[in-house]
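Down below is the structure, laid out as structure tokens.
The values are calculated or read from the model by the stated rules, or taken from the named source; none is laboratory data. These numbers come from a predicted model, not from an experiment. Cβ placement follows ideal geometry from the backbone for every residue including glycine, while neighbour counts extend to all protein chains displayed. Accessible surface areas use protein heavy atoms only, side chains included; no ligands, DNA or RNA. Shrake-Rupley method; radii C 1.70, N 1.55, O 1.52, S 1.80 Å.
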Amino acid sequence: MLDFVQQLVSGVALGCVYGLIALGFVLVYKATEVVNFAQGDLMMLGGFFAFTFIGMMGLNYWIGFAGAVAAMALFGMLAERIVVRPILGYPQFSIIMATIGLGYFLRSIAGMIWGTDDFKIETPFSQGVLRIGSLVLAHDKLSVIAATVILCALLWLFFNKTALGTAMRASSENMLAAYYMGIPVKRVVSIVWAISAAVATCAGVLLAPITFIHSNVGLVLGLKAFPAAVLGGFGSIPGAVVGGVLIGIIESMAGFYLPEGWKDVAPYLVLLAVLLLKPEGLFGHHVRKKV
């Protein structure tokens, strides 16, 4: 039973990271109907920025965390302006290839600047543990879960209780109607990319105590976060987080209880099963097309 609880907590913590990356997929898709396949690499770059500020420059953890989030928010706006905006309106395949190319570019740049070694960020939660009888839970994993809950609550308040959040929701529902109502759609889309990159950075920094940061970590985790977004219902913000947590739990349990090799396969099998029964995902809205 203790092993089960520990694996559950580990799976939820890893799933929270998947969920935050998936949240970035969903935010960009809802605002622009663009699937940003560089989302995992934005997380990787944000992790390297945090490592630079905290590990190399010696800044306080929280100051370095905030600096990395701010830097990546600006980078997200820049990426949208340079890479995506010029080709909006072109076929979706062109935009998807542009984001894939952006991901390759970011991995190459990260490899040239920081090298190919693995890096780890020391956090205030790296060493501590919580003991409940015979159960031992690491503070770093609990901190990831707590930070994800807080971040999701802040995003919910932003999207539902602020004028800018309302404008973003209006743009995601109908961009043309929002434009005619006087909403600065281009600026809103830039801010969405900034938020998406900032959320990805949070995932990268939170991931650092659990695993190492390296130039290919974004590709690996992005390929797991994308199914999480699909599982939750592509376009659903709560679904992205729930899908990520489910993928994390399944992966953790499969790695512990099933033979070697099932850890990486089991989440995709569950995803296929869910999509066969509920093609729109767990939180998606079903649209029946007439034939």
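Data overview
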item: Some residue of segment 209-223 being crowded, with 23+ Cβ neighbours inside 10 Å, over 16 Å from Y18 (Cα atoms) and modelled with pLDDT under 80; result: no
item: Residue within segment 175-184 that is β-branched (V, I, T) and within 23 Å of L74 (Cα to Cα) present; result: yes
item: Filter result (under 12 Å from G46 (Cβ atoms), open to solvent by less than 70 Å² (accessible area, probe 1.4 Å) and of a type in the set (A, V, I, L, M)) within segment 67-90; result: A68, V69, A70, A71, M72, A73
item: Pair list, Cβ < 8 Å and 6+ apart or interchain, from segment 14-41 residues that are free of Cβ contacts under 8 Å to residues at least 60 places away in the same chain to residues that are assigned to a helix (DSSP H, G or I) and not hydrophobic (A, V, I, L, M, F, W, C); result: E33/Q92
item: Answer from L130, L137, L154 - the residue that is surrounded by fewer than 13 Cβ atoms within 10 Å (Cβ to Cβ) and in contact with a strand residue (DSSP E or B) (Cβ under 6 Å, 6 or more places away or on another chain); result: L130
item: Pairs where the first residue, in segment 52-71, is more than 14 Å from I213 (Cβ to Cβ) and part of a loop (DSSP other than H, G, I, E, B) and the second is modelled with pLDDT of 90 or more and open to solvent by less than 30 Å² (accessible area, probe 1.4 Å), C-beta under 6 Å, 6+ apart; result: none
item: Residue check for S196: farther than 21 Å from A38 by Cβ, at pLDDT 85 or above and crowded, with 16+ Cβ neighbours inside 10 Å; result: no
item: N36, sole failed condition from (1) modelled with pLDDT under 90; (2) part of a helix (DSSP H, G or I); (3) under 19 Å from the mean Cα position of the chain (by Cα); (4) not aliphatic (A, V, I, L, M); result: (2)
item: Only one of T116, T123 that is exposed (fewer than 13 other Cβ atoms within 10 Å of the Cβ) and either among the polar types (S, T, N, Q) or free of Cβ contacts under 8 Å to residues at least 24 places away in the same chain (or both); result: T116
item: Helices (runs of 4 or more DSSP H) contained entirely in segment 114-209, each with at least 2 residues that are hydroxyl-bearing (S, T, Y) and closer than 30 Å to I249 by Cβ; result: 139-161, 185-207
